Amino acid sequence: MSRDDELVRLAGDLKAKADVYRAVHYRASNNLRLMHYALGLLLIIVSAVVSGSVLQAGDGDPSTTLKVVAGSLSVSVVVLTAIQTTFKLGERSEQHRSAGAAFGRIGRTLEVFIHRPHPDVQAGWDELVRIGDEIANVEAGAPGFLRYTYEKAKRDEEAERAAAAAGDGPARPPG
């Protein structure tokens, strides 16, 4: 295998890695965004029920049951709000989306790198090292994700590549 072939093979490996990282960060972003919205909606509903209960007891003498239910719901609102604030679901979702977009840009750069000629192989290696460093920098600044999410994204990306290589499915555009 020539140095040029090795260069393109390694670029392909880096592209596969960037594609998996892009997919996993977008999955994590979507999951966190949905949890953020679901939790927010639940908080709105429970807060409305508590407020309605207080208004219903406008005669100044709410029943014991109403007091217990309203108190329990108020506590649950506080707990859910603390969870939403502590885990910063919306903020983490955006961080994952940004990381996914960055890996998409790297993937497109690698796609161009793979398909263009490299008359100066040493310059090609230098550029590939720079792209590898860019992957490491994005990884270092990106939020973590569950191993399960990574493994699922990796399997899906590999299956998609195999289907595209076999002609069984449309190849997704790069990035």
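The values are calculated or read from the model by the stated rules, or taken from the named source; none is laboratory data. This one's a predicted model, so the numbers in the text were calculated from it and none came from an experiment. Here the Cβ positions follow ideal geometry from the backbone for every residue, glycine too, while neighbour counts run over all protein chains shown.
What the table below lists for this structure:
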item	result
The range 114-153 - residue that is of a type in the set (Asp, Glu) and either assigned to a helix (DSSP H, G or I) or within 15 Å of the chain's Cα centre (by Cα) (or both) and, of those, surrounded by the most Cβ atoms within 10 Å (Cβ to Cβ)	Glu134
Qualifying residue in the range 72-90 (condition: under 30 Å from Asp19 (Cβ atoms), in contact (Cβ under 8 Å) with a residue 24 or more places away in the chain and either assigned to a helix (DSSP H, G or I) or among the polar types (S, T, N, Q) (or both))	yes
The listed residue being surrounded by 14 or more Cβ atoms within 10 Å (Cβ to Cβ) and not polar (S, T, N, Q), out of Arg33, Arg9	Arg33
Close pairs (7 angstrom Cβ cut-off, 6 or more residues apart or separate chains): under 16 Å from Val75 (Cα atoms) and small (Gly, Ala, Ser) in the range 48-64, assigned to a helix (DSSP H, G or I) and modelled with pLDDT of 70 or more anywhere	Ser53/Leu66; Ser53/Val69; Ser53/Ala70
Filter result for Phe103 (touching a Lys or Arg at 6+ places or on another chain (Cβ under 9 Å), of a type in the set (A, V, I, L, M, F, W, C) and part of a loop (DSSP other than H, G, I, E, B))	no
Residue within the range 54-63 that is surrounded by 15 or more Cβ atoms within 10 Å (Cβ to Cβ) and assigned to a helix (DSSP H, G or I) present	no
Lone qualifier among Val129, Val69, Val112 - being among the β-branched types (Val, Ile, Thr), more than 25 Å from Lys152 (Cβ to Cβ) and either touching a Ser or Thr at 6+ places or on another chain (Cβ under 8 Å) or in contact (Cβ under 8 Å) with a residue 12 or more places away in the chain (or both)	Val69
